[in-house]
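One structure is given here, and the rest of the page talks about it.
The values are calculated or read from the model by the stated rules, or taken from the named source; none is laboratory data. Since the model is a prediction, treat every value here as computed from it, not as a measurement. All Cβ positions, glycine included, derive from the backbone under ideal geometry; neighbour counts span all protein chains shown. Each accessible area value is taken on the protein alone, full model and side chains, heavy atoms only, with ligands, DNA and RNA left out. Shrake-Rupley method; radii C 1.70, N 1.55, O 1.52, S 1.80 Å.
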Amino acid sequence: MMKQRKWIRENREDLLICLFLFCLSILFLTIFSASTSPLYRYPPTADSEIFQTIGKFWAEGMLPYRDLFDHKGPLIFFINMLGYLLTGNRVGIFLIQIVFMSATEIICYKMALALSGSRVKACVSVILMTAAMIRVFNKGNMTEEYILPLLAACLYGQVSYLQECGDHQRGWSFLYGITFAFALLTRITNALPMCCGVFCILVVLIRRKEWKQIGWNVLTFSGGGISTDSPVCRVLCGQRSFS
């Protein structure tokens, strides 16, 4: 108990900043996620409505691609299905969005803090990043939005490695695999930023002739991908009903 209190005292500023970023995520989504925000009584038509329709009927027992069709990967429908299971309407999706957006901003804050060493600079960087998203958010509930926490975490790991160029930890490769699989199950081009970082790391490892490290990282990358693909694919192939 004493250790917990000491940890809270030492990390109070970071906890307050994380709480601020959580509130910022709620505010941002309430205003700009027009397709899911409770602020909008009549949400505009966008790709989000297609995802919500398929997710809603999946929650009622129908299946994507068999009963309803769209060309996007199944994971975006799965997320929308979970939202409708939570509340029975689009508010459930809005709650899931808050979790993903908050995670993205906190990870970006941690990365900016590690690079700048200043909480103020790190916080300002995240605020500017959030402001920049206004032009590309496209009414919310898009595939790009949900992969952002994974991309941010991958970038954190890649930047950390390229700064030191020591041993590349296999845990990061496992995360890269998860991220690639997530993109494959939503929109494959979303993995491009992560793949560029992986290519840079691969070049470094090849130049250093770290063949064993490359082999282990390939294996853990594959493991991360399989661990993400398998559950959703089993649900689809097994034609599982959530009604």
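If I stretch the segment between residue 11 and residue 66 completely, what's the gain in nm (0.36 nm per residue apart, minus their alpha carbon distance), one decimal?
14.8 nm
Within the stretch 42-186, count lysine pairs with alpha carbon atoms under 29 angstrom apart where the residues are 8 or more positions apart or belong to different chains.
6
I need the peptides 97-103, 37-43, 141-147 ranked by packing, meaning the mean over residues of other C-beta atoms within 10 angstrom, with the highest value on top.
Going from most to least packed, we get 141-147, 97-103, 37-43.
Going by amide H atoms built from the backbone, whose H comes under 5 Å of the H on residue 68, apart from near neighbours?
Hits under the 5 Å cutoff: 63.
Compute a Gaussian network model of the chain, connecting alpha carbons closer than 10 Å, and tell me which residue from 19, 29, 63 fluctuates the most.
Highest fluctuation among the options: 19.
Give me the log10 of I(q) over I(0) for the stretch 153-221 at q = 0.11, 0.20 Å⁻¹, as the Debye formula computes it from C-alpha points; what are the numbers?
Scattering profile of the stretch 153-221, log10 relative to I(0): -0.24, -0.77.
If I model a spin label as a point 7 Å beyond the Cα along the Cα-Cβ vector, how far apart are those points for residue 127 and residue 164 in nm?
3.1 nm
Across the stretch 150-155, in residue order, what do the Karplus-derived ³J(HN,Hα) couplings come to in whole Hz, using 6.51 cos²θ - 1.76 cosθ + 1.60 with θ = phi - 60° and x for Gly and Pro?
5, 5, 5, 5, 5, 4
Before I look further, what does the stretch 99-243 give for accessible area per residue, probe 1.4 Å, in whole square angstrom?
Per residue, the stretch 99-243 has 54 Å² of solvent-accessible surface.
Where does the chain land on the Kirkwood hydrodynamic radius, alpha-carbon pairs, in angstrom?
19.6 Å
Using only the alpha carbons, work out the radius of gyration and Dmax of the stretch 73-159 in angstrom.
14.5, 44
Output wanted: per-residue J couplings in Hz (rounded whole) for the stretch 125-130, from phi through Karplus 6.51 cos²θ - 1.76 cosθ + 1.60, θ = phi - 60°, x for Gly and Pro.
In residue order, the calculated couplings are 4, 5, 4, 5, 4, 5 Hz.
Would you work out which of 224, 23, 213 lies farthest towards the positive end of the dipole of the chain, given +1 charges on the beta-carbon of Lys and Arg and -1 on that of Asp and Glu, about the Cα centre?
With unit charges placed on the Cβ atoms, the residue in question is 213.
Output ³J(HN,Hα) for the stretch 60-74: one whole-Hz value per residue in order, computed from phi by the Karplus curve 6.51 cos²θ - 1.76 cosθ + 1.60 with θ = phi - 60°, and x for Gly and Pro.
Once rounded to whole Hz, the list reads 8, x, 7, 10, x, 6, 9, 9, 9, 10, 8, 7, 6, x, x.
State the percentage of accessible surface on the chain attributable to carbon and sulfur atoms; use a 1.4 Å probe and exclude ligands, DNA and RNA.
67 percent
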